[in-house]
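The values are calculated or read from the model by the stated rules, or taken from the named source; none is laboratory data. None of the values given here were measured: they were computed from a predicted structure. Please note: Cβ atoms are built from the backbone with ideal geometry, for glycine as well, and neighbour counts cover all protein chains shown.
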Amino acid sequence: MRAALLFDLDEVKFIEPSFDKLIDEQFTNDLINIRSSRGRLLINESEWPIAVALETDSGWVAGTFTYRNISEELLDKLEQIDIEIYQEKQTEWEAAVREYYSLELIRKVPPALDDFSPHRAENLLHILREKWGNVRDKICLDAACGTGVGSVVARTMGMSVISFDNDPSLLSCGLRAGRLLPEETMCIDATFASRYIKEVEYGLILMAGEITPFNSILWKRIVNEILSLTENTILTTGTEKEAFMISQWSKERGREVEVFENERSDFYDRWVCETWK
């Protein structure tokens, strides 16, 4: 496991029970309250603290500070114990954290039924190549990734991927199938995506919806959150009405928009909304 290796440990357990809790300050207080005389501090390339591990009677317990700030109280605690300092690139640590929680999710959550369609993947690959061209070595955000069809298509194009969904059973399926990679995947609420993710150049939301008058406010929040994180974004829907709603939300943000019908598909990704800054 990467997280343990970066601390030069055989095993480490995170104090935060799930990835979405990494923004919760309560777990910083819980670390402060741990009785320990020995610890390890991980700093990034800018020498900023990004993680702490404390030795306890039952093993090493870690907390990560990539999505919340470390507190002065915790730093004071570290000054009072035997501490070793390690340094790593922040991107490497973030990948290690995603891997840790993805492996926990695989272990704990039964997978949903696999809905992967090779034909759909081929169809999406055609669209992305036509619209984005050569994107090798670029980063793609696969929002509401499901079991990972968008992620595997983006990876086929040579992209690195950050994938997330709020349904752990879908993620468990995609991770077990290998379409989602542990070091790239997060189980989070899309409306809070910017708390966990930095801006990237490319993004996907595939089969957004079903968007109705009852849930359109929620979907607008999700779409706006992803648009705020990506410069070039492709969103697909099952209906023209849904695609039109997304195009209007994109225009409200001052983005360029193109909506077109994907005649290669009968339903999945039938309508495509491409939007860019």
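Cβ-Cβ distances below 6 Å connect the following pairs, each with a first residue in the stretch 200-221 that is in contact (Cβ under 8 Å) with a residue 60 or more places away in the chain, a second residue that is surrounded by 14 or more Cβ atoms within 10 Å (Cβ to Cβ) and part of a helix (DSSP H, G or I), and a separation of six or more residues or different chains: 203/226; 204/150; 205/226; 206/150. When residue 263 is tested against the conditions (1) surrounded by 21 or more Cβ atoms within 10 Å (Cβ to Cβ); (2) under 16 Å from residue 127 (Cβ atoms), the lone failure is (1).
Could you say which residue among 146, 150 is under 20 Å from the mean Cα position of the chain (by Cα), surrounded by fewer than 24 Cβ atoms within 10 Å (Cβ to Cβ), assigned by TED's automatic domain parsing to the domain that holds residue 203 and within 25 Å of residue 261 (Cβ to Cβ)?
Details: 150 fails: surrounded by fewer than 24 Cβ atoms within 10 Å (Cβ to Cβ).
Just a single option satisfies the conditions, and that option is 146.
Taking the criterion of being touching a residue at least 40 places away in the same chain (Cβ under 8 Å) and assigned to a helix (DSSP H, G or I), the residues of the stretch 109-130 that qualify are 120, 123, 124, 126, 127, 128. Note on the stretch 115-143: among residues that are within 20 Å of the chain's Cα centre (by Cα) and among the acidic types (Asp, Glu), the one that is farthest from residue 271 (Cα to Cα) is 137.
In the stretch 6-56, the qualifying residues are those that are more than 23 Å from residue 187 (Cβ to Cβ), basic (Lys, Arg) and not in a loop (DSSP other than H, G, I, E, B), and the one that is nearest to the chain's Cα centre (by Cα) is 40.
I need the full set of residues from the stretch 85-108 which are outside any helix (DSSP H, G or I) and free of Cβ contacts under 8 Å to residues at least 60 places away in the same chain, in order please. Give the derivation first.
At the first step, the residues of the stretch 85-108 found to be outside any helix (DSSP H, G or I) are 85-89.
Result: 85, 87, 89.
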